[in-house]
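Here is the structure we will look at, set down as structure tokens.
The values are calculated or read from the model by the stated rules, or taken from the named source; none is laboratory data. Fair warning: this is a prediction, and the values are worked out from it, not measured in the lab. Glycine also receives a Cβ, built like all others from the backbone with ideal geometry; neighbour counts cover every protein chain displayed. Heavy atoms of the whole protein, side chains included, go into the accessibility calculation; ligands, DNA and RNA do not. Shrake-Rupley method; radii C 1.70, N 1.55, O 1.52, S 1.80 Å.
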Amino acid sequence: MSSAGGIRPQVVRTERLDLMPLRIDHAAEMSSVLGDPELYAFIGGAPLTPEELRTRYERMLAGPPDPEVSWCNWVIRLSGEEILVGTVQATLSPAYPGPIAEIAWIVGTDWQQRGIATEAARGLVDWLRRKPVRAVLAHIHPDHQASAAVATAAGLRPTDQWHDGELTWRLTLDRTTG
């Protein structure tokens, strides 16, 4: 097994988006972006206040307790605008035959159905292709059709594995041609 520790998020640019590494000062704006309770229908939880989100971001940015794991978190910004619309994340962990990345995304209600989650997930997967990652996983509620569509567009396919009531989707990255 090779380590996934030490990998840090970098700015990722797509056609319409900038994935910007998460900062603590994003909490106030992101609290508003993620403030619709409907966003949590499939993933559980509830909107956080700016202070609660700031505390969560501080923990996330402190990094995981396991030095072999990397937490990479981004906010999604519309290119050329100073407006945040969501987040993407990747947890990189050691595995055999090589590190895996578990990814997730969430886009604020006001910006949904514009292809933003799809474009952000594709940008994240493209970034992961340039890292020592063997596979990309996502855990998606079986009834969450929008997230299933995002995963499909990013190249992931459903497996027969389950994780906490969610179906695991997977993309194996071919390391022989990269």
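Couple of notes before you dig in:
- Options Ala120, Ala138: the member that is open to solvent by less than 10 Å² (accessible area, probe 1.4 Å), within 25 Å of Pro97 (Cβ to Cβ) and either at pLDDT 95 or above or within 15 Å of the chain's Cα centre (by Cα) (or both): Ala138
- Verdict on Thr87 being open to solvent by 40 Å² or more (accessible area, probe 1.4 Å) and polar (S, T, N, Q): no
- Glu51 meets all of the listed conditions (1) crowded, with 17+ Cβ neighbours inside 10 Å; (2) free of Cβ contacts under 8 Å to residues at least 40 places away in the same chain; (3) in a helix (DSSP H, G or I) but one, namely (1).
- In the stretch 71-84 there is at least one residue matching the filter, namely being open to solvent by 80 Å² or more (accessible area, probe 1.4 Å), modelled with pLDDT of 95 or more and not aliphatic (A, V, I, L, M).
- Residues satisfying the stated conditions in the stretch 41-61, i.e. modelled with pLDDT under 95 and not β-branched (Val, Ile, Thr): Ala41, Phe42, Gly44, Gly45
- Number of the exception - Trp105 against (1) among the aromatic types (Phe, Trp, Tyr); (2) modelled with pLDDT of 95 or more; (3) surrounded by fewer than 19 Cβ atoms within 10 Å (Cβ to Cβ); (4) within 24 Å of Asp164 (Cβ to Cβ): (3)
- Residue check, Arg130 under 17 Å from Gly86 (Cα atoms), open to solvent by 60 Å² or more (accessible area, probe 1.4 Å) and either in contact (Cβ under 8 Å) with a residue 24 or more places away in the chain or of a type in the set (Lys, Arg) (or both): no
- Scope the stretch 4-48; condition open to solvent by 30 Å² or more (accessible area, probe 1.4 Å) and assigned to a strand (DSSP E or B); matching residues: Arg13, Met20, Pro21
- Of the residues making up the stretch 90-102, those that are farther than 18 Å from Ile140 by Cα and either small (Gly, Ala, Ser) or surrounded by fewer than 20 Cβ atoms within 10 Å (Cβ to Cβ) (or both) are Ser93, Pro94, Ala95, Tyr96, Pro97, Gly98.
- Leading residue by the ranking (farthest from the chain's Cα centre (by Cα)) among those in the stretch 164-175 that are under 20 Å from Val133 (Cα atoms) and touching a residue at least 12 places away in the same chain (Cβ under 8 Å): Arg175
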